[in-house]
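Presented below is the structure to which this report refers.
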Amino acid sequence: MTMTTDTLVRSVTHGTFTVERTYPVPPARVFAAWGSKEAKARWFPAGGQNPTFELDFRVGGREYSTGSVPGGGPQFIYDATYQDIVPDSRIIYSYAMYIDGVRMSVSVATVEFKPAGKGTRLVFTEQGAFLDGHDDPSQRAAGTEQLLDALGKEFSV
């Protein structure tokens with residue numbers, strides 16, 4: 001974020017990225033890990049201090065989580081609305097991210113679940129508007145890769 005003595009200089013960076021992972025379980029099982037509050041809380045944690053996590057997994061439903069970095073760091077808010085859900089096939093949602101109450105991005109994400117032999121090829125595509133230098137597409141892609149790796153640990157039992 002760039003500041004001048006009297007005003008905030010606003011900026012927006014647009015970006016699209018795709019992250020793919022293959023998991024050794026059928027699409028129905030990978031899809032279920034997105035739609036179950038208990039399962040999703042294991043791999044998509046709010047984390048930090050005073051976390052909250054809500055999940056209403058239906059078209060028009062909301063997913064909302066908060067958490068702050070341990071030791072008094074910034075508070076993050078993730079606020080999503082489900083736009084399209086096709087069981088075992090795809091999820092599309094829009095979401096905004098905030099840091100200390102300041103909107104840092106607005107995105108549309110598509111998650112596709114494709115059969116791959118006995119497993120699943122997951123294709124995650126995000127189109128985002130990253131605001132005022134708070135985040136950028138490469139940072140978000142790296143965070144998404146970490147989340148999808150954490151999801152993979154759900155299936156390595």
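The values are calculated or read from the model by the stated rules, or taken from the named source; none is laboratory data. Everything quoted here is computed from the prediction, not taken from an experiment. In this analysis, Cβ positions are derived from the backbone assuming ideal geometry, glycine residues included, and neighbour counts consider all displayed protein chains.
Could you say whether any residue in segment 50-66 is small (Gly, Ala, Ser) and touching a residue at least 24 places away in the same chain (Cβ under 8 Å)? Lay out the reasoning, then the answer.
Just the residues of segment 50-66 that are small (Gly, Ala, Ser), to begin with: 60-61, 65.
Right, trim to touching a residue at least 24 places away in the same chain (Cβ under 8 Å) and you get none.
No - not one qualifying residue is present in segment 50-66.
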Failed criterion for Ala150 (all others in (1) more than 17 Å from the chain's Cα centre (by Cα); (2) in contact (Cβ under 8 Å) with a residue 12 or more places away in the chain; (3) farther than 16 Å from Thr13 by Cα; (4) surrounded by fewer than 16 Cβ atoms within 10 Å (Cβ to Cβ) hold): (1)
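Out of everything in segment 26-45 that is assigned to a helix (DSSP H, G or I) and among the aromatic types (Phe, Trp, Tyr), what residue ends up being nearest to Gly67 (Cα to Cα)? Full working, then the answer.
The first filter runs over segment 26-45 and keeps only residues assigned to a helix (DSSP H, G or I), leaving 27-35, 37-43.
Now narrow it down to the ones that are among the aromatic types (Phe, Trp, Tyr): 31, 34, 43.
On the way: Phe31: 25, Trp34: 19, Trp43: 15 Å.
Among those residues, the one meeting the criterion is Trp43.
Between Gly133, Gly101, which is free of Cβ contacts under 8 Å to residues at least 60 places away in the same chain and either more than 22 Å from Pro45 (Cβ to Cβ) or surrounded by fewer than 18 Cβ atoms within 10 Å (Cβ to Cβ) (or both)?
On the way: Gly133 fails: free of Cβ contacts under 8 Å to residues at least 60 places away in the same chain.
So the residue among Gly133, Gly101 that is free of Cβ contacts under 8 Å to residues at least 60 places away in the same chain and either more than 22 Å from Pro45 (Cβ to Cβ) or surrounded by fewer than 18 Cβ atoms within 10 Å (Cβ to Cβ) (or both) is Gly101.
Take the residues in segment 104-124 that are within 12 Å of the chain's Cα centre (by Cα) and within 17 Å of Phe44 (Cβ to Cβ), then tell me which one is surrounded by the fewest Cβ atoms within 10 Å (Cβ to Cβ).
Quick first cut of segment 104-124, residues within 12 Å of the chain's Cα centre (by Cα) only: 105-111, 124.
After this cut, where a residue has to be within 17 Å of Phe44 (Cβ to Cβ) as well, the list is 105, 107, 109-111, 124.
On the way: Ser105: 24, Ser107: 20, Ala109: 18, Thr110: 16, Val111: 20, Phe124: 20.
Here the residue is Thr110.
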Subset of segment 44-93 that is among the aromatic types (Phe, Trp, Tyr), closer than 19 Å to Leu151 by Cβ and surrounded by fewer than 18 Cβ atoms within 10 Å (Cβ to Cβ) - its residue that is modelled with the lowest pLDDT: Phe53
